[in-house]
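Structure first, then comments.
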Amino acid sequence: MKIRDHLSIDLRMVQGRVHNWLDRYFPEFLTVFKDWECKSARQMLSLCLLPHELVSESEEALLSHLRKVAKRGLGIERMRSLQAAASRYFFYNMFS
């Protein structure tokens, strides 16, 4: 196999692992961000916060963290919707 084939296989494996992690721990993440591979979604994932930890963070702190990579298209409403999605997931799992 060529190096490109190996890299393609490795890339698909990593993408599958991230999808598995998101499906398992925070499926509502993709309702706020269309694609987990965009800059802002990756920056959010770099915080390594689970949904119950994300709810306790302030909107301003999350927004300032995202502003490091994305200057436009992100606002306080996006952070509120992300925290609302996290709280829905957290409370759903807490009481089910």
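Radius of gyration (Cα atoms) of the chain, expressed as a multiple of 2.2 N^0.38 Å: 1.21. Model label sites at Ser46 and Met1, defined 7 Å from Cα along the beta-carbon direction, differ in position by 2.9 nm.
For the chain, the longest principal axis of the C-alpha atoms and the axis of helix 3-25 are separated by about 20°.
By the count of neighbouring beta-carbon atoms within 10 Å, fewest first, His65, His6 end up ordered His6, His65. For the chain, the longest principal axis of the alpha carbon atoms and the long axis of helix 76-95 meet at an angle near 90°. Taking 7 Å steps out from each Cα toward its Cβ at Lys39 and Ser56 produces label points 3.1 nm apart.
Laboratory data are not the source of any read-out in this text; all were calculated from the coordinates shown. Nothing here was measured: the structure is a model prediction, and the numbers come from that model. Glycine gets a Cβ as well: all are built from the backbone with ideal geometry, and neighbour counts include every protein chain shown.
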